[in-house]
Amino acid sequence: EPDVLIKGVLAAYHTGGQTLTATINLIPDAELKKPLLLMADAAKDNIDTFVKEASVWLDKSLTVLGAGYKRRVQWISLGVGAVIAVAFNLDTLAVVSHLYKDKAARESIASFASSYVNGTSSETFNRCLTAGKTEREKDQDCKATVELMNALNVDTSEIHKLPIGYTKGFWDTVTGKGLVGWLLTALALSLGAP
């Protein structure tokens, strides 16, 4: 790791009595040695100038590394979102269309969602989700989570009427507008939508 090696170079420089360039030449990694030697040469063996140059170089390297990591995570999130969207037929366009056309469903789901969000914290939700069925039913804090689970299991609830899951065949969904809806769902999930 570059920061550990730079600290090692500085420690060796302070204890060894050698020039900064000679101390850097002790590093076995040739790829790391090149920029450090250039910085030492530009600093003319002035340790303070070298430390400033090395700090700037290390900050830039970490920024580039972080940007690359973020890009990879976004692509992975998009892939995971696509798998989830296809596996469960989570078509954003179909859900939006259903809610736009069915006023009763829209109002019922909005009311249910509002009361659920206002009555449950994320910590409580996570605790209730991991708890066993009997624990969940006994715990008063888990009441809203139990109601949500029951609404998802009852065929007459408005939540259950949402066009989620496969009612037609897979290929019928793919050839319809399902592909665009899946892509929108995957994109929303990759950007962090709940």
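The values are calculated or read from the model by the stated rules, or taken from the named source; none is laboratory data. From a predicted model like this one, the values you see are computed outputs, not experimental measurements. Counting neighbours? That spans all protein chains shown, and the Cβs are built from the backbone with ideal geometry, glycine included. These area figures cover heavy atoms from the full protein model, side chains too; ligands, DNA and RNA do not enter into them. Shrake-Rupley method; radii C 1.70, N 1.55, O 1.52, S 1.80 Å.
The table that follows gives values for the structure above.
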item	result
Residue list for the range 126-168, filter: of a type in the set (Gly, Ala, Ser) and modelled with pLDDT of 70 or more	ALA131, GLY132, ALA144, GLY165
Number of positions in the range 105-135 that are more than 17 Å from VAL146 (Cβ to Cβ) and aliphatic (A, V, I, L, M)	3
Which listed residue is part of a helix (DSSP H, G or I), modelled with pLDDT under 70, open to solvent by less than 90 Å² (accessible area, probe 1.4 Å) and more than 24 Å from GLU107 (Cα to Cα), from VAL174, VAL180	VAL174
Enumerated helices (runs of 4 or more DSSP H) restricted to the range 28-105, each holding at least 3 residues that are more than 32 Å from the chain's Cα centre (by Cα)	30-43, 47-88
Positions within the range 103-131 being touching a residue at least 12 places away in the same chain (Cβ under 8 Å) and loosely packed, with under 14 Cβ neighbours inside 10 Å, in sequence order	ALA104, SER115, GLY119, LEU129
Number of positions in the range 64-102 that are surrounded by fewer than 17 Cβ atoms within 10 Å (Cβ to Cβ), farther than 10 Å from GLY181 by Cβ and not hydroxyl-bearing (Ser, Thr, Tyr)	21
Residue in the range 31-52 that is open to solvent by 60 Å² or more (accessible area, probe 1.4 Å), in contact with a strand residue (DSSP E or B) (Cβ under 7 Å, 6 or more places away or on another chain) and either of a type in the set (A, V, I, L, M, F, W, C) or modelled with pLDDT under 75 (or both) present	no
